[in-house]
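Just below is one structure, and these are the notes that go with it.
The values are calculated or read from the model by the stated rules, or taken from the named source; none is laboratory data. Computed from a prediction, not measured in an experiment: that's the story for all the values here. When we count neighbours, we look across all protein chains shown, and the Cβ atoms used for this are built from the backbone with ideal geometry, even at glycine.
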Amino acid sequence: MLFSPSKKSLKEIFSSGLSISTMRELMTLDLTRPFTSERDREIENLSLEFLLEQGKYTEDLLVEKGLVSHEEWEHLLAEMAETQTPLATLLVNHRIVPPEALTELAEELRREIEGRTDIGPSVRKFLVKDNILTPEQVEEANRIAHQKGLRVSQIVLEMELVTFDVMADLFKRHLNIESVDLAGISIEIQVVHLVPDNLMQTHFLLPFRRKGKKLHLAMSDPRNSAVIKKIEMMTRLEVVPYFADRREIMKRLDEYIVLPVSGSDRIKALQADEASFRELLESDSAVKMVNRIIEGAINTHATDVHIEPSEKGLRIRYRIDGMLYDIMTIPRDMGIPTVSRVKVLAGMDLTERRRAQDGHIGFDYENHRVNLRAATLPTHLGEKIVLRIHDEKAVLRGLGFLGFNDGDLVRFKQLIHHPHGMILVTGPIGSGKTTTLYTAVSEINHHTRNIVTLEDPIEYQLPGINQVQVDPKIGITFASGLRSILRQDANILLVGEIRDPETAATAVRAANTGHLLLSSMHTNNAVSAVTALQHLGVPRFQIATSLVCVVAQRLVRVLCTECRRQAEPRPLAKRILGLQPGEKIWEAVGCAACFGTGYHGRTGLFELFRVSERVEDALINGEDEKQISRLAAEEGMVRLSESGRRKVLDGVTSYDELSRIVVLDEN
């Protein structure tokens with residue numbers, strides 16, 4: 001099992017508030033419940049002799065509802081006889097039925113055993129009554145259904161005695177249950193994974209839509225109240241059941257339960273020394289484990305996956321919205337095959353465990369391309385792996401989704417269409433520089449232009465663009481690669497980073513000889529990029545004539561719109577934000593939609609420094625950084641702190657989040 005069972009009670013878990021931690025505790029809760037109500041005591045007091053005497057009816061009902069198999073029923077009988085434990089208690093202790101569903105199940109058992117009525121309206125009866133099938137056909141279908149442990153409604157479909165439309169009409173008219181044809185609808189992956197895979201496969205069901213607090217569930221048996229109650233307890237959503245063809249459910253489950261990672265066939269080419277190790281590596285558990293880790297990261301919009309060895313096993317953490325969260329701990333015996341599976345997919349040397357390695361995993365997911373950069377690091381407990389997730393969908397959305405204010409967005413779109421010059425994006429590691437650069441290049445990508453990139457590593461693979469990987473081992477550095485690209489008749493160049501004097505000099509020369517060059521640097525603000533270039537040996541007059549603009553940026557978490565609330569700001573926050581008396585700001589709370597964090601997603605803070613004629617003159621005349629910054633502000637440059645202040649006032653982010661990312665002062 002992935003998680004250790006929670007030691008807390010159900011009351012303790014819910015009283016501590018909903019969070020990633022409490023969700024994990026709820027999923028791993030060792031669930032038992034005393035029988036406290038009068039009806040529950042009646043259930044408990046069903047005598048062993050009576051149940052054994054009427055066992056055939058009880059067995060048929062439990063099997064028909066998909067709660068136990070015939071073999072499991074025999075084990076229950078044996079345990080009941082040996083321990084004198086009531087059936088209801090065993091059903092809960094073995095997690096066959098959730099406590100909330102016991103009362104309803106007991107009533108159905110009573111009705112079946114006492115022969116007062118059928119278990120709800122019978123599909124068999126309606127098939128005969130409506131002259132859809134003969135009594136003989138229904139009896140034969142019932143016999144086969146009993147053998148397979150399925151409902152008659154599914155058997156008559158699979159025997160092609162009736163069409164799906166006929167059954168859908170029957171369920172609607174007689175049982176007031178809607179039907180759904182899964183073949184013609186699009187289903188979001190995050191909705192599917194609200195329900196565990198084993199539950200979907202065992203009971204032939206599939207969540208296909210979520211609207212508010214309601215979960216729309218396709219079921220081969222939409223009258224299985226015990227399963228519905230169980231899912232409602234797990235998801236805390238109201239289930240709306242729909243009748244669906246079991247075969248269609250199985251087809252759609254095949255699409256969602258196994259992640260189609262391209263490159264998995266590479267495993268066939270491995271020449272392992274030990275056959276047992278190959279078998280372990282190819283085992284379903286290792287394959288499905290890695291698929292689930294990657295799939296979970298994509299669905300939670302994580303940017304990084306940390307796979308870390310520990311004494312207890314492999315610790316899995318996701319970086320979501322810039323923060324790391326513990327997700328699970330994989331048992332030690334699964335550690336080596338899990339790490340090995342990742343290395344195989346990333347094209348790494350499986351036998352090398354003492355040196356750091358880099359690799360790449362690429363696959364199509366939900367109709368778009370996802371690329372993962374894998375990096376290993378040997379530690380004293382084993383290999384640590386970090387997967388950096390690059391989702392092309394983020395780049396293809398366009399500049400308008402990055403977080404620019406309206407004025408800066410218009411100006412930046414104009415500036416990236418300059419015929420030549422240098423555009424820099426600056427900020428610390430993890431501030432979104434690469435995404436901004438790629439999005440800008442995608443914006444100006446056209447078949448009439450030759451665009452070449454020089455990257456270390458290639459993080460996004462974009463169509464129509466020539467991308468070059470830096471590799472010092474074969475002599476391709478940023479500087480040498482850039483010199484080679486200048487002989488390739490390029491219109492637009494993207495250089496991953498300017499980090500040394502040679503690259504800086506070559507980049508400026510390219511910008512001054514008819515190329516548009518985009519690159520990144522590590523500086524605290526936009527204007528300080530000028531000083532950084534000077535420190536790399538670029539003369540001021542060359543900076544003045546080549547530089548088009550500099551964009552400094554940071555990423556802040558976005559407040560969850562489901563739970564954010566307005567609050568009275570603290571005195572310091574009130575002064576810094578320039579608020580009037582009584583004016584409130586939004587703050588984070590935390591709910592199920594945001595996993596208790598109070599935030600959902602990230603957006604950018606931008607500082608756009610445009611080199612105008614006045615700024616160019618100031619650079620040539622040797623004005624210092626403060627004077628240039630003041631001049632840029634006069635010409636409309638919005639500083640990072642001001643960009644953040646506006647987002648706080650608009651309710652996009654919180655003051656606490658802004659102060660975590662940007663240095664604020666009362667000026």
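Is it the case that some residue within the stretch 634-649 is in a helix (DSSP H, G or I), more than 30 Å from PRO571 (Cβ to Cβ) and in contact with a helix residue (DSSP H, G or I) (Cβ under 9 Å, 6 or more places away or on another chain)? Among the residues of the stretch 634-649, at least one is in a helix (DSSP H, G or I), more than 30 Å from PRO571 (Cβ to Cβ) and in contact with a helix residue (DSSP H, G or I) (Cβ under 9 Å, 6 or more places away or on another chain), which makes the answer yes.
This table checks each residue for (1) under 30 Å from VAL663 (Cβ atoms); (2) aliphatic (A, V, I, L, M); (3) at pLDDT 90 or above.
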| residue | (1), (2), (3) |
| --- | --- |
| ARG411 | yes, no, yes |
| ILE416 | yes, yes, yes |
| GLY430 | yes, no, no |
| LEU454 | no, yes, yes |
| ILE458 | no, yes, no |
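Only one entry in ILE327, ILE361 is buried (at least 20 other Cβ atoms within 10 Å of the Cβ), under 15 Å from LEU387 (Cβ atoms) and either out of contact with any helix residue (DSSP H, G or I) (no Cβ under 6 Å at 6 or more places or on another chain) or at pLDDT below 80 (or both), namely ILE327. Look at PHE171 and say whether it is buried (at least 17 other Cβ atoms within 10 Å of the Cβ), among the aromatic types (Phe, Trp, Tyr), in the same structural domain as ARG236 (by the TED database) and not in a loop (DSSP other than H, G, I, E, B). Answer is no for this residue. Which members of the stretch 330-358 meet the condition of being closer than 21 Å to ARG317 by Cα, crowded, with 17+ Cβ neighbours inside 10 Å, at pLDDT 85 or above and hydrophobic (A, V, I, L, M, F, W, C)? Scanning the stretch 330-358 gives ILE336, VAL339, VAL342, VAL344, LEU345, ALA346. When residues in the stretch 131-168 are screened for being without any contact (Cβ under 8 Å) to a residue 60 or more places away in the chain and not in a helix (DSSP H, G or I), 9 of them pass. Scanning the stretch 599-617 finds no residues that are touching a Phe, Trp or Tyr at 6+ places or on another chain (Cβ under 6 Å), part of a helix (DSSP H, G or I) and modelled with pLDDT of 90 or more.
For ASN445, the conditions (1) over 32 Å from the mean Cα position of the chain (by Cα); (2) over 24 Å from ALA375 (Cβ atoms) are fulfilled apart from (1).
Taking strands (runs of 3 or more DSSP E) as the structural unit, those lying wholly within the stretch 461-566 and holding at least 2 residues that are within 16 Å of VAL611 (Cβ to Cβ) correspond to 516-521, 547-559.
Being among the small types (Gly, Ala, Ser), more than 37 Å from the chain's Cα centre (by Cα) and either outside the structural domain of ASN621 (by the TED database) or more than 19 Å from HIS418 (Cα to Cα) (or both) is the filter here, so list the residues in the stretch 520-555 that pass it.
The answer is ALA532, GLY537.
Among LEU649, LEU579, LEU640, which is surrounded by fewer than 21 Cβ atoms within 10 Å (Cβ to Cβ) and under 26 Å from LYS433 (Cα atoms)? Residue meeting the stated conditions: LEU649.
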